[in-house]
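So the structure is just underneath, and the comments pick up after that.
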Amino acid sequence: MWNVVIVDDHPLMRRGIGQLLSFDEEFTLTGEASNGTDAVALISQNEPDLVLLDLNMKGMSGLDTLHALRNEGVTCPIVILTVSDNKQDIKTLIKAGADGYLLKDSEPDELIALLKEAMKGGKAYSEQVKACLEEDAQGDDKLSQLTARELEILQHVAKGMRNKQVADQLFISEATVKVHMKSLLKKLNVKSRVAATLLYLDS
């Protein structure tokens, strides 16, 4: 049986998730917190097996709370449960050490199944989140095909520089920049500088 702590500033949400967990004999709700400060104290003291953490809370955000918990040495799975499917939020929270990212509009059965997955050493990601991460990984793979010079040129283009400005900056001819641009667009499988820039900035 796994002991769970829920951290969410909406009482209704805490009650709803608590009830959902109570229907499954493998989970026991051992604590609730309505803000990050109380959560850090409660979790450090109780040492639960799983933490469900809201992202957007008053005071300490979910991200700040996650950082604080990991700094306190909390090693149990911490799964983000939020309404935000923002790509940047997803990337930031996972980089910060979250073991899962679930959306609050997930089906109850799916939510429970994914939490069990996290408890068995896997990752708990909603379908939309998984798709976002896979898309991101593909973008990273494409960029890894570029030569150091092509990547350097793309970095300058992403700052809004034209070919002539890039050439002056790198002490090469404008014609050379054009050759590299043509090559990198082909490798990234995009048609324009703007599309290449977006791929680079999204990575």
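Using the alpha-carbon positions of the range 1-53, Rg (one decimal) and Dmax (whole number) come out as 10.3, 29 Å. Considering only protein heavy atoms and a probe of 1.4 Å, how much of the accessible area of the chain is carbon and sulfur, as a whole percent? Within the chain, the accessible surface is 51 percent carbon and sulfur. Per-residue 3J(HN,Hα) values for the range 50-66, derived from phi via the Karplus relation 6.51 cos²θ - 1.76 cosθ + 1.60 with θ = phi - 60°, read 8, 10, 9, 10, 6, 8, 9, 10, 5, x, 5, 6, x, 5, 4, 5, 4 Hz in sequence order (x marks Gly and Pro). Judged by the gyration tensor of its Cα atoms, with axes a ≥ b ≥ c, the chain is prolate; a/c meets the 1.5 cut and a/b is the larger of a/b and b/c. Distance from the alpha carbon centroid of the range 1-45 to that of the range 166-183 works out to 56 angstrom. Shape analysis of the range 81-124 places it in the oblate category; the axes a ≥ b ≥ c from the Cα gyration tensor give an a/c of at least 1.5, with a/b not above b/c.
Among GLU150, GLU72, GLU25, what's the order by accessible area (1.4 angstrom probe), most exposed first? The partial results should precede the final answer.
Values: GLU150 10, GLU72 115, GLU25 155 Å².
Reading off the accessible areas and sorting them downward yields GLU25, GLU72, GLU150.
Between ILE172, ILE43, ILE112, the Gaussian network model of the chain with springs among Cα atoms under 10 angstrom shows the greatest mean-square fluctuation at ILE172.
Once the chymotrypsin sites (Phe, Trp or Tyr not before Pro) in DSSP loops with at most 10 neighbouring Cβ atoms within 10 Å are cut out of the chain, the longest remaining piece is 24-170. Springs join every pair of Cα atoms under 10 Å in this Gaussian network model of the chain, and among LYS91, LYS116, LYS142 the largest mean-square fluctuation is at LYS142. Length gained on full extension, SER192 to SER44, computed as 0.36 nm times the residue gap minus the Cα-Cα distance: 48.2 nm. Amide H to amide H distances under 5 Å link ARG162 with no residue, where only residues 5 or more positions off or on other chains count and H is placed in the peptide plane. What the phi angles of the range 183-188 give under the Karplus curve with 6.51, -1.76 and 1.60, with θ = phi - 60°, is a coupling list of 5, 6, 5, 5, 5, 7 Hz, glycine and proline written as x.
Please list HIS10, HIS156 in order of solvent-accessible area, largest first, computed with a 1.4 Å probe with all protein chains present.
Working: HIS10 95, HIS156 20 Å².
Sorted descending by solvent-accessible area, the residues read HIS10, HIS156.
Amide H to amide H distances under 5 Å link MET57 with GLY62, where only residues 5 or more positions off or on other chains count and H is placed in the peptide plane. Residues in the chain average 54 Å² of solvent-accessible surface per residue, probe 1.4 Å, ligands and nucleic acids excluded. Rounded is the label for the range 1-115, because a/c, from the alpha-carbon gyration tensor with a ≥ b ≥ c as root eigenvalues, stays below 1.5. Across the range 151-168, rounded Karplus estimates of 3J(HN,Hα) from the backbone phi angles (6.51 cos²θ - 1.76 cosθ + 1.60, θ = phi - 60°) give 5, 4, 5, 4, 4, 6, 4, 5, 8, x, 7, 8, 3, 4, 5, 5, 4, 4 Hz, Gly and Pro being marked x.
The values are calculated or read from the model by the stated rules, or taken from the named source; none is laboratory data. Computed from a predicted structure; not experimentally measured. For neighbour counting, all protein chains shown are included, and Cβ atoms are generated from backbone atoms with ideal geometry for every residue, glycine included. What goes into the accessible areas is simple: the full protein's heavy atoms, side chains included, and nothing from ligands, DNA or RNA. Shrake-Rupley method; radii C 1.70, N 1.55, O 1.52, S 1.80 Å.
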